[in-house]
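A.B. asks: One structure follows; several queries about it will come next.
The values are calculated or read from the model by the stated rules, or taken from the named source; none is laboratory data. Keep in mind the model is a prediction, meaning the values are calculated, not measured. We place every Cβ from the backbone using ideal geometry, glycine too, and count neighbours over all the protein chains shown.
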Amino acid sequence: MFEPYRLIVVLFYLAITVLVLRHMKIRAYLDAAWGAARAVLQLLIMGAVLMAVFKVNSRILDGLVLFGMVTAASVTAARRSKGTAELLVVFSSIFTASAAVIIPMATLGVFDRVSSFLIPMAGMIIGNAMNTTALSIERLHREVEMNRLEIEALLSLGIDVEHTTEMVLKNSISAALIPILNSMKTTGLVHIPGLMTGMLMSGADPVFAAEMQAIIIYLIFIGAVLSSIIATRLQRKSYFTPYEALKL
């Protein structure tokens, strides 16, 4: 049951946190304040949309909703990359990775093919792919800048772009996966994830809740790995001319 009191209390604590960031002159307070305002509005809108979508229970409508989520995730990831990534690269990475996970799992029956189950599960995969894509591209840009002289030296020796930048790509992917790897390692030990918490609060069998949570964690990781690999390999091309000369 909706109780405004709980939300008001949490918003009060959130406001204090934002003020602390502002007092410390950490510019993230602006993003925090804007993000908090957007979150409430977006959740209310999404709640109304999903209520209608769940009633219809159409795979075509599900696909349109998921496409919209991928598009929104792509725009957000491209902005977070501070201009180092083209929107098309980010969209291609998130869309391909999410589709490569969601479609086979739904086809094989790992996902229940109903809107109320498919969309929330897919949303978690898309959201984490978004974060990993943004992190991997941002790290790739820094790696290329830091290793510029080494890359140019290898290119001058006639080594192709793929081999010259292979270690840079590996470092970028490894760094981008740190948050998800840490989460996967500590799940159930340090924190109980949202899906399992929701199922337990609704009275579901704990073993079944644990099974479903393990499935989504593994699929989130797979999607993150795929999106990171695709994003870094696509973005790598933007750092070189057609004649394989480095351009920064």
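A.B. asks: Scanning the stretch 129-143 for residues that are over 10 Å from Ser98 (Cβ atoms) and small (Gly, Ala, Ser), which turns out surrounded by the most Cβ atoms within 10 Å (Cβ to Cβ)? So that I can check it myself, show each step before the final result.
C.D. replies: To start, the set of residues in the stretch 129-143 that are over 10 Å from Ser98 (Cβ atoms) comprises 131-143.
The next check asks that each one be small (Gly, Ala, Ser); those that pass are 134, 136.
Details: Ala134: 28, Ser136: 30.
Looking at residues that are over 10 Å from Ser98 (Cβ atoms) and small (Gly, Ala, Ser), I get Ser136.
A.B. asks: Moving to a separate point now. Out of Ile126, Ile151, report the one residue that is touching a helix residue (DSSP H, G or I) at 6+ places or on another chain (Cβ under 7 Å), aliphatic (A, V, I, L, M), over 15 Å from Arg236 (Cβ atoms) and buried (at least 16 other Cβ atoms within 10 Å of the Cβ). Give the steps one after another, and end with the answer.
C.D. replies: Values: Ile151 fails: over 15 Å from Arg236 (Cβ atoms).
That would be Ile126, the only listed residue that is touching a helix residue (DSSP H, G or I) at 6+ places or on another chain (Cβ under 7 Å), aliphatic (A, V, I, L, M), over 15 Å from Arg236 (Cβ atoms) and buried (at least 16 other Cβ atoms within 10 Å of the Cβ).
A.B. asks: What is the number of the single condition among (1) at pLDDT 90 or above; (2) more than 27 Å from Thr96 (Cβ to Cβ) that Ser228 does not meet?
C.D. replies: (2)
A.B. asks: Just checking, how many residues over the stretch 186-212 are under 19 Å from Ile125 (Cβ atoms), modelled with pLDDT of 75 or more and loosely packed, with under 15 Cβ neighbours inside 10 Å?
C.D. replies: 1
A.B. asks: If a residue has to be within 30 Å of Gly68 (Cβ to Cβ), surrounded by 11 or more Cβ atoms within 10 Å (Cβ to Cβ) and either in the same structural domain as Gly123 (by TED's automatic domain parsing) or of a type in the set (Val, Ile, Thr) (or both) to count, how many in the stretch 11-53 make the cut?
C.D. replies: 4
A.B. asks: For the stretch 45-65, which positions are more than 12 Å from Pro120 (Cα to Cα) and among the charged types (D, E, K, R)?
C.D. replies: Lys55, Arg59 - these are the residues of the stretch 45-65 that are more than 12 Å from Pro120 (Cα to Cα) and among the charged types (D, E, K, R).
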